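Written below as structure tokens is the structure these notes are about.
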């Protein structure tokens, strides 16, 4: 695949990430979006359907992960990077969703900051921001 086509596909993939973020309220069930935007320290938690929230978080995480894997492949063109990123993201999701579910059952009694950031890692493609520089550094260190 030629370089200009890869660049165009990469920009399209980044655009898809922006679209997922722009239409998050329409596409996914997440009452915590509005809860964490407002005075969450002073308000009670909204009623949450835990299963519906977990399934929609899985769906959103899967969409973001597939797009992230596509970006990584388009930039580096190495299947081992895609496999590593996929395994890392899958493992991280399993750990984070269990921890988040436990915190959700306790209604965030231990504090709001930790569940806020776990939720952020689940619903936003932060692993792309972590893995891109890591793979770039790895590639550069191999070429020296």
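Values quoted throughout were computed directly from the atomic coordinates according to the rules given, and no laboratory measurement underlies them. Just so you know, these numbers come straight off a predicted model, no measurement behind them. Note: ideal-geometry Cβ built from the backbone for every residue, glycine included; neighbour counts use all protein chains shown.
Over all pairs of different C-alpha atoms, the range 68-144 has a mean inverse distance whose reciprocal, the Kirkwood radius, equals 13.9 Å.
Taking only the C-alpha atoms of the range 86-127, Rg followed by Dmax gives 10.5, 32 Å. Protection proxy ranking, highest mean first, for peptides 125-137, 63-75, 90-102: 63-75, 125-137, 90-102, where packing is the per-residue count of other beta-carbon atoms within 10 Å, averaged.
Above 25 Å, the calculated P(r) of the range 3-143 contains 34 percent of its Cα-Cα pairs. Over all pairs of different C-alpha atoms, the range 28-107 has a mean inverse distance whose reciprocal, the Kirkwood radius, equals 14.5 Å.
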